[in-house]
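No lab work stands behind these numbers, since they all come straight from the coordinates. In this text the structure is predicted, and so the values were computed from the model without any measurement. No Cβ is skipped: glycine too gets one built from the backbone with ideal geometry, and neighbour counts run over all protein chains shown.
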């Protein structure tokens, strides 16, 4: 690999000037030349939280909607948390939504509505880790920072042919990436290297001929680009099973709110039995009714696959649940239902 770090910076920034992506939360070099204002830290923070484990096309409509509903961090902090969770539904990784609201309250209450402009200050905010803090520092404040996401990991491991498997290689990658990061155009550099990974140095069929770093890329020289990043052997995801009880009555459906702790915390759910990896599934219904089988819903989480047998029944007029509440079927769109619960609802009788 070339040791010419100044050239790496120069070539990447020149490529970004010509071909970098235009994203709604981004201030590009030509925007600044035309007199555009600096990037809004709130908009940058919001985009970075949404883009964790989520693609740009999927996250962008949510970003626009959040800014429409809550134009400032103060507005978001003042919003009921249930409203924030409802608008987040479909983005997944719901701890992010809870932390998003908590972070907005922290910034409003303890920082006068202004995001900290230091790495240490950003790292103290709820839900803000090393990557997000560096991304905000670079993109919102143009301060020296080294941003390392999945795209950057791929670029750096190919550039240096890093043979250490992931995730063990992460500290090495961060060190190598930090050595190249441009201290003067930090915001542009951070966005440029992420764009390079997203659009050129792609997981499959990378465009090495069109890559501005091909002159110094060790993997390109050898021709084994797709070997990187090296991955540890995949573990088979365990399967958890349960029964979802879809209870209807007079055009309404029984829903519950999950506790804050654990998976899907704070979100709305169709009541179900415990999700178990082994042993028999608890199929004891929550009430006496004629239960109809509505198939099986499958949903993959980060660490396991869930398979829910859906059972649908009609409650008698006098039955009331000990927990949860009834919701008119026409108002289900207003509930903070995660994707797996929307799948369960889709299995109900039409």
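Structure notes:
- Size descriptor, Kirkwood hydrodynamic radius, that averages inverse alpha-carbon separations across region 239-346, Å: 14.3
- Considering only alpha-carbon pairs that sit under 8 angstrom and 6 or more positions apart, the relative contact order computed for the chain is 17 percent.
- 222 nm mean residue ellipticity, helices alone, for the chain (DSSP H n ≥ 4; -39,500 (n - 2.57); rounded to 500): -12000 deg cm²/dmol
- Using alpha-carbon coordinates, inclination of helix 95-110 to the longest axis of the chain, degrees: 70
- Taking only the Cα atoms of region 31-75, the ratio Rg/Rh comes out at 1.03, with Rh defined as the Kirkwood radius.
- Inter-label distance, nm, simple model (7 Å from Cα along the C-beta direction), residue 33/residue 288: 7.8
- Scattering curve values for the chain, log₁₀ I(q)/I(0), Debye with Cα scatterers, q = 0.06, 0.08, 0.09 Å⁻¹: -0.29, -0.50, -0.62
- Average Cα contact separation per residue, region 239-346, under 8 Å, 6 or more apart, as relative contact order %: 38
- This ranking places 211, 103 by how few other beta-carbon atoms lie within 10 Å of each, fewest first, which gives 211, 103.
- In degrees, nearest ten, helix 150-160 long axis to first principal axis of the chain (Cα): 40
- Volume in Å³ per residue [convex hull over Cα atoms, computed for region 82-184]: 118
- Here the Gaussian network model covers the chain, with springs between Cα atoms less than 10 Å apart; of 52, 191, 114, 114 fluctuates the most.
- Pairwise centroid distance, computed over Cα atoms, of region 49-120 with region 228-271, Å: 22
- Neighbour counts of C-beta atoms inside 10 Å place 201, 217, 208 in the sequence 208, 217, 201, starting with the fewest.
- Cβ-to-Cβ counts within 10 Å put 236, 300, 147 in ascending order as 236, 300, 147, the fewest first.
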